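Colleague: First the structure, which I've put down as structure tokens, then a few questions once you've had a look.
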């Protein structure tokens, strides 16, 4: 978890053992675990940093500057970052390089979520539209006009069939993501939901103002849901909640984020006053796949599991095919059908000369002689080209000037002698 004042902490959910707690003295906007709980990515006001389970800074990702939201794709080893300038960055965490970055041209990206079924990133915009992005396309593959006002929060069902969105118009809508992209249900809320989150069993938690409500099967809620007033303390405080709400909890401070814990019936709520954990029966998956996610995995098991996951990456040599092997196999089949003898290239063997000609000094002298001859050839070739250029320039200049026959030289007239020439002193 992280806070706006730079507080970053991580602890074991089951044992409540604190792993690390640091203060980066900078606003922290989002935090995400990477492929293991030993690596944490924190989107700070300046850059994005990666810390280990002891709070030691491992990497500073300066390419990811001004990031608002982070989403990690565990099956692709990709960290998706959404920035203030409207760009979506995809960072391959196995090699530490940005593999793709696309502009959305829709302003700052403050609302985003991940589709767990296909690893697509959904973003909410101020125009009321929701876009779906994948790393191989520079344009959104799907764009839905969800609300008449700005989108406030998004969440996708675990199966990838339903999308829950809430806008500034206080309407909570459930969308069908299978093929039709139709609105299945519309629920009018007392206040806009700041955060939405689906549990593993399909419960939808929404945090609005100081109230946390949990809905069971919101896709069958109908067109509108009733809002009732609930007396909290001796009839002095009235809070409006949904009549069909499965569970309701009132907080003392405004709610910022809600998120379910996987494989545990617990809902985490982040407020302006701290963090709260609420029990929510029936929200988690009771049967887990140990090969997929093992809550009781040891350190040795985590290290061995990382190897095959790293090999199956975006740009891996393992899943590529050598074209040379295919051509060679095809040549063998062709020769076998036509009865031709395959051409076997003879290996070049260096001959050892006699009488001391294969010594190291002799070999080095021959190499120097080859280098000298090559350099001499290059110099002579360069001089030949230079002389040719000069001759060509002279020909051009000669053709541009008029011929000698047409040049008329200015003749000087001879002076006639006079009697006064005796007064002119003679030059010695």
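The numbers here are math on the coordinates, done by the rules we state, and not lab data. Note that the structure is predicted; figures quoted are calculated from it, not measured. Because the Cβ atoms are built from the backbone with ideal geometry, glycine has one as well, and the counts that use them run over all protein chains shown.
Colleague: Provide the gained length on full extension for the span residue 11 to residue 377, in nm with one decimal, where the gain is 0.36 nm per separating residue minus the Cα-Cα distance.
Modeller: Working it through step by step, the gained length comes to 124.6 nm.
Colleague: Now for a different question. Using 0.36 nm per residue, how much length does the chain from residue 250 to residue 62 gain when fully extended, once their Cα-Cα distance is taken away?
Modeller: Computed gain between residue 250 and residue 62 is 63.7 nm.
Colleague: Related question: I need the calculated FRET efficiency for the pair residue 303 and residue 367, taking r as the beta carbon distance and R₀ as 60 Å, to the nearest 0.05.
Modeller: E between residue 303 and residue 367, to the nearest 0.05, is 0.75.
Colleague: Order the peptides 40-49, 13-22, 249-258, 145-154 from the highest to the lowest mean number of other Cβ atoms within 10 Å of their residues.
Modeller: Packing proxy ranking, top to bottom: 40-49, 145-154, 249-258, 13-22.
Colleague: Tell me, what does the Kirkwood hydrodynamic radius of segment 92-229 come to in angstroms if you use every pair of distinct C-alpha atoms?
Modeller: 15.6
Colleague: Give me the one-decimal nm value for the distance between modelled label points at residue 4 and residue 288, 7 Å along each residue's Cα-to-Cβ direction.
Modeller: 3.4
Colleague: Simple spin-label model, 7 Å along Cα-to-Cβ: residue 220 to residue 38 in nm?
Modeller: It works out to 4.6 nm between the two label points.
Colleague: Below 8 Å between Cα atoms, with a sequence gap of 6+, how large is the relative contact order for segment 1-145 in percent?
Modeller: 12
Colleague: Using R₀ = 56 Å, calculate the FRET efficiency as 1/(1 + (r/R₀)^6) where r is the Cβ-Cβ separation of residue 188 and residue 330; round to 0.05.
Modeller: Result of the calculation: an efficiency of 0.25.
Colleague: For segment 154-294, calculate the relative contact order in percent as a whole number, restricting contacts to Cα pairs under 8 Å that are 6 or more residues apart. Please list the in-between numbers first.
Modeller: Details: 340 pairs, mean separation 25.3, N = 141.
18 percent.
Colleague: Also, quick follow-up: Starting from the 7 Å offset along Cα-to-Cβ, what nm value, one decimal, do you get for the label separation of residue 118 and residue 158?
Modeller: 2.1
Colleague: On the first, second and third principal axes, largest extent first, how far apart are the outermost C-alpha atoms of segment 16-56 in Å?
Modeller: 28, 21, 17
Colleague: Given that compact globular proteins tend to follow 2.2 N^0.38 Å, what is the ratio of the alpha-carbon Rg of segment 1-145 to that value?
Modeller: Cα-based Rg divided by the globular estimate yields 1.04.
Colleague: I've got another one for you. Given that compact globular proteins tend to follow 2.2 N^0.38 Å, what is the ratio of the alpha-carbon Rg of segment 154-294 to that value?
Modeller: Here the answer is 1.06, to two decimals.
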